[in-house]
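Here's the structure, in structure tokens; my notes come after.
The values are calculated or read from the model by the stated rules, or taken from the named source; none is laboratory data. Not measured: the values here are computed from a predicted model. Because the Cβ atoms are built from the backbone with ideal geometry, glycine has one as well, and the counts that use them run over all protein chains shown.
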Amino acid sequence: KNEVEQSPQNLTAQEGEFITINCSYSVGISALHWLQQHPGGGIVSLFMLSSGKKKHGRLIATINIQEKHSSLHITASHPRDSAVYICAAATNTGNQFYFGTGTSLTVIP
Amino acid sequence: SAVISQKPSRDICQRGTSLTIQCQVDSQVTMMFWYRQQPGQSLTLIATANQGSEATYESGFVIDKFPISRPNLTFSTLTVSNMSPEDSSIYLCSAGVGVYEQYFGPGTRLTVT
């Protein structure tokens with residue numbers, strides 16, 4: 001069993017749709033990161049959160065520490081949001097990450 | 001915050017050669033890490049780059065294949081030695097200033113022919 005599980009694995013949406021990607025983890029964490037990986041391979045850090053909710057533009061990330069669950073939401077999705085979204089849990093025993101397998105999102109115009 | 005850059009961003013290399021990837025942080029960080037992402041897979045930790053001492057490797061990764069340097073608190077290199085097509089991956093550097101502050105580089109896409 002992976003320490004970090006993401007769902008769905010693949011997601012196709014129409015432009016404008018509200019999108020949710022889920023991440024569940026089984027380890028104790030100090031923080032959880034959401035990463036965006038573009039088709040060319042480059043990785044961008046979207047959020048780092050340890051509690052509550054963060055918002056950046058059309059992106060919203062939430063975390064429930066008690067339930068060991070985080071969600072990434074994209075409002076008014078756009079084709080340029082097409083990418084792989086990766087959840088990464090930073091352990092509370094050191095500066096190490098457990099990575100989810102990623103969610104491949106395709107937004108169709 | 002910290003900004004991490006990697007060089008090269010991508011490369012195509014021939015079998016049997018070696019490639020050194022550089023990771024530069026714009027501020028001093030305590031810990032630096034190297035990850036590999038094979039096609040269709042998640043990121044896997046290769047090693048922790050320790051300043052002033054040898055890197056700490058994860059199971060399945062050895063120093064002869066992936067030598068790492070960490071000469072100071074802002075810079076590290078990872079060399080992929082004697083490459084084979086199976087080494088074709090994205091190699092990612094990350095850095096931490098503490099458990100709450102972790103930053104990722106943009107990655108290096110390596111293709112071995």
Name the residue, out of A:LEU72, A:LEU46, that is under 11 Å from the mean Cα position of the chain (by Cα), of a type in the set (A, V, I, L, M) and away from chain B (no Cβ under 12 Å).
A:LEU72
Residues B:LEU92, B:LEU45: which one is within 11 Å of another protein chain (Cβ to nearest Cβ), free of Cβ contacts under 8 Å to residues at least 40 places away in the same chain and under 30 Å from A:ASN10 (Cβ atoms)?
B:LEU45
Taking into account only those residues within segment B:67-86 that are within 13 Å of the chain's Cα centre (by Cα) and either within 23 Å of A:ALA89 (Cα to Cα) or surrounded by 18 or more Cβ atoms within 10 Å (Cβ to Cβ) (or both), which is farthest from the other protein chains (Cβ to nearest Cβ)?
B:THR77
Hey, among A:GLY16, A:GLY40, which residue is at the interface with chain B (Cβ under 10 Å from one of its Cβ atoms), of a type in the set (Gly, Ala, Ser) and either out of contact with any helix residue (DSSP H, G or I) (no Cβ under 6 Å at 6 or more places or on another chain) or in a loop (DSSP other than H, G, I, E, B) (or both)?
A:GLY40
If I filter segment A:20-35 down to residues being modelled with pLDDT of 90 or more and over 8 Å from the mean Cα position of the chain (by Cα), which single residue comes out as nearest to the other protein chains (Cβ to nearest Cβ)?
A:LEU32
Quick one: would you say B:GLN37 is within 29 Å of A:LEU49 (Cβ to Cβ), out of contact with any Pro (no Cβ under 8 Å at 6 or more places or on another chain) and within 14 Å of another protein chain (Cβ to nearest Cβ)?
yes
When the residues of segment A:17-44 are narrowed to those that are surrounded by fewer than 18 Cβ atoms within 10 Å (Cβ to Cβ) and free of Cβ contacts under 8 Å to residues at least 24 places away in the same chain, which ends up farthest from A:TYR85 (Cα to Cα)?
A:GLY40
Go through the residues of segment B:50-57 one by one and say whether even a single one is of a type in the set (Val, Ile, Thr), surrounded by fewer than 15 Cβ atoms within 10 Å (Cβ to Cβ) and at the interface with chain A (Cβ under 9 Å from one of its Cβ atoms).
no
Sole residue being out of contact with any strand residue (DSSP E or B) (no Cβ under 7 Å at 6 or more places or on another chain) and either of a type in the set (S, T, N, Q) or farther than 22 Å from B:THR44 by Cα (or both), chosen from A:GLY42, A:GLY57:
A:GLY57
